[in-house]
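See structure below.
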Amino acid sequence: MDLILRQCRLADRIVDIGVAGGRIIAVEPAITADAAIEDVGGRLVLPGFVDSHIHLDKACLLDRCGHDHGDLGAAIRAVAAAKRYFTEEDVYARGARVLEQAVVQGTTRIRTHVEVDPRVGLRSFQAIRRLKRDYAWAVDLSICVFPQEGLTNDPGTEELLVQALEIGADALGGCPYTDTDPDEQIARLFVLARRFDLDLDFHLDFDLDPSWTHLEEIARQTDVNAWGGRVAIGHATKLSAMTPARRDAMARRLAATGIAVTVLPATDLYLMGRGHDRDVPRGVTPAHILAGQGVTCSIATNNVLNPFTPFGDCSLLRMANLYANVAHAGPAEFAACLDLVTASPARLMNLRDYGIAPGNPADFVVLDAFDAMTALAVIAQPLTGFKNGRRSFRRPAPVLFR
Ligand SMILES: [Zn+2]
């Protein structure tokens with residue numbers, strides 16, 4: 001045995017965790033073996049946070065885009081103009097800053113969306129591929145390429161996406177709401193997903209008008225292609241504007257079809273409801289309620305310090321806390337909210353080796369809290385983390401000098 005983590009608080013018990021060769025080999029009370037010891041004193045230990053939706057390629061743009069863009073369309077236009085000048089080195093440097101933040105916040109698995117189109121070519125994609133390799137010591141990075149500004153209306157984009165998929169993208173994303181022919185974009189992306197055997201992850205239904213939705217078409221295509229369990233949608237803010245009865249019907253459809261939902265509270269709060277001058281709607285879909293109805297859900301970061309979201313420190317615990325606050329989730333639901341940034345996004349990403357169990361990678365994050373409810377309520381500080389059995393960061397607890 002290489003390492004023993006002593007006195008780890010899991011959801012239902014306190015255990016020791018034994019590690020050898022980068023993997024968990026034992027989860028038991030009081031392990032005795034000749035190994036390095038890390039005593040965490042009964043603190044909460046998680047297998048790391050899972051960020052199912054973040055944009056590394058367009059993070060940290062406030063110095064060149066400003067941030068006062070008003071609404072979603074203006075944010076897309078501001079970044080579209082900026083990305084013509086993205087170089088591989090520039091994307092790498094900004095992405096590295098964000099990844100390092102995510103690591104010290106306790107994130108061990110990430111799906112990053114990367115824009116591919118004739119304006120930026122494959123430059124962002126190539127930079128993110130280098131980040132995936134260079135930060136593998138701390139985080140598993142899954143790359144999801146997608147056409148942010150449309151597919152059928154943007155000549156050359158599909159060819160570039162195919163190139164990225166041939167080089168080795170891990171998933172395929174979509175953005176039907178910016179396409180002049182949304183249904184055709186959805187259909188073409190399903191064709192590519194089948195050809196390359198990839199999961200799909202759409203930006204979808206990102207407004208508060210409940211009178212129409214692309215969800216029905218996504219569900220139909222998921223059934224036609226038998227792709228259930230391999231399709232996710234991000235934002236889905238329209239669901240927050242529907243009556244509970246209609247939202248419940250949608251939840252039943254999502255659960256039955258196998259479509260997962262990622263809610264992005266920081267962006268949804270910042271960009272939705274801009275047309276209201278009072279009683280502004282929150283525009284945040286109630287993920288924990290959908291999860292209770294059998295839908296695989298996650299809460300994720302989305303954008304960091306750019307025109308879509310001029311905030312962000314990559315703390316998924318902060319995001320789950322923010323979500324719980326705006327979604328009226330009380331202490332009895334805090335554990336469910338913590339699940340939305342850990343085990344549930346791992347299911348969304350079809351990560352079959354996630355979790356504190358023998359055989360899985362020895363990924364751990366120790367939080368400065370003694371139970372899940374408190375960790376979420378106070379946004380407990382991550383104290384240290386391990387990736388594949390090797391320490392990846394340490395954040396010493398604050399010290400008072402009386
Ligand atoms: Zn996004």
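Each value in this text was obtained by applying a stated rule to the coordinates, not by laboratory testing. Nothing here was measured: the structure is a model prediction, and the numbers come from that model. So basically every Cβ, Gly included, is an ideal-geometry build from the backbone, and we count neighbours across all protein chains shown.
The chymotrypsin sites (Phe, Trp or Tyr not before Pro) of the range 111-166 meeting both criteria, a DSSP state outside H, G, I, E and B (loop) and at most 15 other C-beta atoms within 10 angstrom of the site's C-beta, are W137.
Gain on full extension, evaluated as 0.36 nm per residue between D353 and D71 minus their Cα-Cα distance, stands at 97.6 nm.
Go through A232, P210, L192 and say which Cα lies farthest out towards the positive end of the charge dipole of the range 120-279; charges sit on Cβ, +1 for Lys and Arg, -1 for Asp and Glu. Working it through, the farthest residue towards the positive pole turns out to be A232.
Let me check I've understood the local charge: for A33, count other residues with C-beta under 14 angstrom from its C-beta, Lys and Arg +1, Asp and Glu -1. What total comes out?
In short, -4.
Simple rule: put +1 on each Lys or Arg Cβ and -1 on each Asp or Glu Cβ in the range 217-372, find the dipole, and look at T267, Q221, P310; the Cα lying farthest toward the positive end is Q221.
Stokes-Einstein D for the range 1-114 at 10 °C, 1.306 mPa s, Kirkwood Rh over Cα pairs, in µm²/s? Using the Kirkwood radius from Cα pairs, D works out to 91 µm²/s.
Taking 0.36 nm per residue of sequence separation and removing the Cα-Cα distance, the D277/M1 pair yields an extension gain of 93.2 nm. Nearest 0.05, what FRET efficiency do D63 and R246 give at R0 = 35 Å with Cβ-Cβ as r? It comes to 0.25. In order along the range 395-400, the phi-based Karplus estimate (6.51 cos²θ - 1.76 cosθ + 1.60, θ = phi - 60°) of 3J(HN,Hα) comes to 10, x, 5, x, 10, 8 Hz; Gly and Pro are listed as x. Among the chymotrypsin sites (Phe, Trp or Tyr not before Pro) found in the range 41-101, those both in a DSSP coil and sparsely packed, with 16 or fewer other Cβ atoms within 10 Å of their Cβ, are Y85. Of the peptides 7-18, 255-266, 235-246, the ranking by mean beta-carbon count within 10 Å, highest at the top, reads 255-266, 235-246, 7-18.
Hey, for a label at F370 modelled as a point 7 Å past Cα toward Cβ, could you say which residues of the range 31-65 have their backbone N under 11 Å away? Residues passing the 11 Å test: 42-44. When shorter helices are ignored and each DSSP H run of at least 4 residues is given -39500 (n - 2.57), the per-residue value for the chain at 222 nm works out to -10000 deg cm²/dmol.
Please report, ordered by residue number, every helix of the chain (full DSSP H runs) that is 18 Å or longer along its axis going by C-alpha atoms and whose mean Kyte-Doolittle hydropathy reaches -1.0.
Working: long enough: 88-104 (24 Å, -0.13); 182-196 (21 Å, -0.01); 244-257 (19 Å, -0.65).
Correct list, ordered by number: 88-104, 182-196, 244-257.
Subtracting the Cα-Cα distance of A20 and F401 from their residue separation scaled by 0.36 nm leaves 133.2 nm. Straight-line cross-link reach from K387 at under 19 Å between alpha-carbon atoms covers these aspartates and glutamates, not counting any fewer than eight positions away in the same chain: D2, D16, E38, D39, D51, E100, D134, D140, D353, D363, D368. Bridgeable lysines around K83 (alpha carbons under 25 Å apart, same-chain partners fewer than 8 residues away excluded): K58, K132. Residues R6, R109, arranged from fewest to most other Cβ atoms within 10 angstrom of their Cβ, appear as R6, R109.
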